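Undergrad: Take a look at this one; I'll ask things after.
Derivation of every value follows stated rules applied to the coordinates shown; laboratory data play no part. The shown structure was predicted, so the numbers you read here are calculated from the model rather than taken from an experiment. As a convention, Cβ positions derive from the backbone with ideal geometry for all residues, glycine included, and neighbour counts pool all protein chains shown.
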Amino acid sequence: MTFPKKLERKTIYKSSWVNLHVDRVEMPGGRIVDEHHVVDYPKEGVGVLVLDQEERILMIRSYRYIIDSIEWEIPAGSVEKGESVIQTGRREVLEESGYETQDAESLFAYYPSIGISNQMFHIIKCRAGKRVGLHDVAEVAEVKWLLQGEVKQLIDENKINDGLSLTALLWFFRHASG
């Protein structure tokens, strides 16, 4: 089996958050793609499904500048150097909600835009511990525990628009119900 081969790379933009490259690629069979755009994310992302003792789901409403909106999401963030996926998840939940977590487990990982990006998201699940602080008001507008039926209704009404959150929640509902 042959794979595409990178012949040349031109970096258009580079930062610690995201890089943009234009590659010249030889495809199997010999066809040349002169401009294959690549969005390179140096850090992997983590989304966290947090459940309480009543099986409610922790949801946050985050400010989203790009779409000029405040959106329902699960806590999430980028893996920092030296952190494990589980450590990142715990840190993000604490920062975005004020809750400690316990019994964290990795559920799955995936590439949301595999055709143009190497971005990888990890989804973990954990139990809520006690609330030890407030959420980061500069990033999060609201923290709320929702019944699973309420979350499903938000999905049905197109009120959860974040792809990471939707993927995690839909996977969870699929596997939680057998």
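Undergrad: In region 45-176, what % of DSSP beta bridges are antiparallel (nearest 5)?
TA: So the antiparallel bridges in region 45-176 amount to around 75 percent.
Undergrad: With a point put 7 Å past each Cα toward its Cβ, work out how far E55 is from K144 in nm, to one decimal.
TA: For E55 paired with K144, the spin-label model returns 2.1 nm.
Undergrad: If contacts are Cα pairs under 8 angstrom and at least 6 residues apart, what is the relative contact order of the chain in percent?
TA: Averaging sequence separation for qualifying contacts and normalising by length gives 22 percent for the chain.
Undergrad: Let me ask another. Looking only at A128, A104, A141, which one moves most when the chain is put into a Gaussian network model with springs between Cα atoms under 10 Å?
TA: A141
Undergrad: Taking the mean number of other Cβ atoms within 10 Å as a proxy for protection, how do you rank 145-154, 51-60, 2-11, 89-98 from highest to lowest? Numbers along the way, then the final one.
TA: On the way: 145-154: 14.9, 51-60: 16.5, 2-11: 10.7, 89-98: 21.9.
Output ranking for 145-154, 51-60, 2-11, 89-98: 89-98, 51-60, 145-154, 2-11.
Undergrad: Would you mind working out the magnitude of the charge dipole of the chain relative to its Cα centre, with +1 at each Lys and Arg C-beta and -1 at each Asp and Glu C-beta, to the nearest 20 Debye? Intermediate values should be presented prior to the final figure.
TA: Values: 22 positive and 28 negative charges, 96 e Å.
The dipole magnitude comes to about 460 debye.
Undergrad: Note down the relative contact order for region 87-168 as a percent, whole number, built from C-alpha pairs under 8 angstrom at least six residues apart.
TA: On the way: 90 pairs, mean separation 23.5, N = 82.
Reported relative contact order: 29 percent.
Undergrad: Taking a threshold of 31 Å on the Cα-Cα distance, which of the pairs K14/K159; K14/K152; K130/K152; K14/K144; K6/K81 fall above it?
TA: Values: K14/K159 33 Å; K14/K152 39 Å; K130/K152 25 Å; K14/K144 36 Å; K6/K81 28 Å.
Where the Cα-Cα span goes over 31 Å, the pairs concerned are K14/K159; K14/K152; K14/K144.
Undergrad: So if we plug the beta-carbon distance of E100 and E80 into 1/(1 + (r/R0)^6) with R0 = 30 Å, what FRET efficiency do we get, rounded to 0.05?
TA: Once rounded, the FRET efficiency stands at 0.95.
Undergrad: Which value in deg cm²/dmol, rounded to the nearest 500, describes the helix-derived mean residue ellipticity at 222 nm for the chain, given -39,500 (n - 2.57) per DSSP H run of n ≥ 4 and division by the residue count?
TA: Details: 3 runs with 36 residues, N = 178.
After summing the helix terms and dividing by residue count, I get -6500 deg cm²/dmol.
Undergrad: P(r) for the chain: what percent of alpha-carbon pairs falls in each 10 Å bin, starting at zero?
TA: Per 10 Å bin, starting at zero, the Cα-Cα P(r) for the chain comes out as 9, 32, 31, 16, 10, 2 percent.
Undergrad: Still on this structure, I have one more. Could you list H37, H21, H135 so that the one with the fewest beta carbons within 10 Å of its beta carbon is first and the one with the most is last? Don't skip to the answer; put the middle values down first.
TA: Working: H37 12, H21 16, H135 20.
Fewest-to-most ranking of H37, H21, H135: H37, H21, H135.
Undergrad: Using a Gaussian network model on the chain with a 10 Å cutoff between Cα atoms, which of Y110, Y63, Y13 fluctuates the most?
TA: Y13
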